[in-house]
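In what follows, a single structure is set out as structure tokens and then discussed.
Rule-based calculations on the coordinates, nothing more; no lab input. Computed from a prediction, not measured in an experiment: that's the story for all the values here. All Cβ positions, even for glycine, are placed from backbone atoms using ideal geometry, and neighbour counts span all protein chains on display.
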Amino acid sequence: MSETTTGAAETTAPTLDELRAEALAWGRRPRHRGLWYVTEHMVRAMRAYGWTIIVGALGQPILYLLGLALGLAAIIDAPVEDAGQTVPYLVFVAPALLMTAAISVATEEFTYPVMSGFKWRRYFFGFSASPLSAGQIAGGVAMGAAARMIVTVTLYFAFIALFFAVLQPGDLVPQTAWLAIPIGLLAGLSFGAPLMAYAASIVDDKGQFALVQRFIFMPMFLFSGTFYPIAISPAPLQWVAWISPLWHASELGRAVTYGKEMSAAMAGVHIGYLVVLSVAGLLLARVLFERRLAR
């Protein structure tokens, strides 16, 4: 009986090749926390230009809000009438500037850093050689950029709250105003995720990102109701606002900061549009990362 049992055990024991194949299969499985490892790397890499991030996050709201409060708003004495509601000019513009700051971060973090990971420094290929999937790499890049966006919009919101308290006391709605921070994050991702997918598709830098800055970001900034209600824009330009994530985010920001009247259906349209852009961009980026890393 013992010899039979021993023979059966030897027959069913895995061979060295089988054990090696099993080890390789386990090694190729994506790590459970792989996304966070990539996020950590992206955040640590930002230390190389950390002062730029801090100065930009602190300086931009100060310059914009001071320039508008002491400059343009001093010239435009008349309040802004938007959707039947009259508000001071600075109150109208401030939420849109917060959303613009988040999208501006997206134009930085989802362009050259993404292309650098594929073309110049090629660290995405190093990630891919380890137990990290393409989806985890793309998600980690997005999470790293989101971390910078949160810092930027939080500081921006702090300055907006300070300016409102000093210059426009009583105009800020404290119960909902803080929601401008997650709305700003959503605005940045809604523009940045499709941009990340586009950056992942670029093989050679021929000035594509400069074209995005000049012919997409700037027109969006100027014609998305940032400085005036889109109702007073020429009809042909109003479609720019409707397809712009900046306008949808700015409208939500105005609703939560100073209580602009907005129906639940319209709020759902704004949120849904931003979410669809974000999710579709991330899914497309995941596919393009996978194709690029498989070459």
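Remarks
- Viscosity 0.692 mPa s, temperature 37 °C, Stokes-Einstein D of region 132-231 from Kirkwood C-alpha radius, µm²/s: 203
- Ellipsoid equivalent to the chain - semi-axes via the Cα gyration tensor, in Å: 48, 20, 18
- Couplings for region 219-231, taken from phi via the Karplus curve 6.51 cos²θ - 1.76 cosθ + 1.60 with θ = phi - 60°, read x, 4, 5, 7, 10, 10, x, 5, 10, 7, x, 5, 5 Hz in order; Gly and Pro are left as x.
- Region 238-243 - phi-based ³J(HN,Hα) in whole Hz, Karplus 6.51/-1.76/1.60, Gly and Pro as x: 5, 5, 4, 5, 5, 9
- With the simple spin-label model, which puts each label point 7 Å out from Cα in the Cβ direction, the V279 to R295 separation comes to 3.0 nm.
- Taken over region 119-176, the convex hull of the Cα atoms encloses 115 Å³ per residue.
- Cut-off 13 Å between beta-carbons: net charge of the residues surrounding E251, Lys and Arg +1, Asp and Glu -1: 0
- Both radii are taken from the alpha-carbon atoms of region 149-295; with Rh as the Kirkwood radius, Rg/Rh is 1.02.
- Extending 7 Å from Cα along the Cβ direction at W120 and again at E18 yields two label points whose distance is 5.1 nm.
- Where labels lie 7 Å past Cα in the beta-carbon direction, separation of S263 and R33 in nm: 4.8
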